[in-house]
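Structure first, then comments.
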């Protein structure tokens, strides 16, 4: 991630500590990759190693989230979304993604194998590309209050 973006996030989260989680360890990341059968991409990995589950324009989940973010881990969000979608035969591509957030209505926001950020809308059965990368998603959505 760009140093200026990291600096902005650091300053914001220092002033809003309930929005910052505990940084993720390499062991937690490797465990998630193994359990979910995915590769955690570099920008998301860097973010969670710096901030844990934290607010960056939207609530980004990791393993230990800020107390204002919610308790669900990336593993739990992904597993729950996969079960729901597989049981209802929608969005088979969710099985190659990992879920990092939701849209506020319970629809998962996930990172795909090619690093796109996808929104899976269960009600409309539509998939939308929100961003070409995690870093771009943060750049487009994060603003200091």
Problem set entry | Only one of 144, 135 that is crowded, with 19+ Cβ neighbours inside 10 Å and touching a residue at least 40 places away in the same chain (Cβ under 8 Å) | 135
Seminar exercise, completed: Conditions (1) assigned to a loop (DSSP other than H, G, I, E, B); (2) out of contact with any helix residue (DSSP H, G or I) (no Cβ under 6 Å at 6 or more places or on another chain) -> residue 63 fails only (2)
For this session: Show the residue pairs that are 6+ apart or on different chains and have beta-carbon atoms under 7 Å apart, the first residue being within the stretch 76-90 and at negative phi, the second being in a loop (DSSP other than H, G, I, E, B) and surrounded by fewer than 13 Cβ atoms within 10 Å (Cβ to Cβ).
Result: 90/125
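Just so you know, all these numbers are worked out from the coordinates, no wet-lab data involved. Not measured: the values here are computed from a predicted model. Virtual Cβ from ideal backbone geometry, glycine too; neighbours counted across all protein chains shown.
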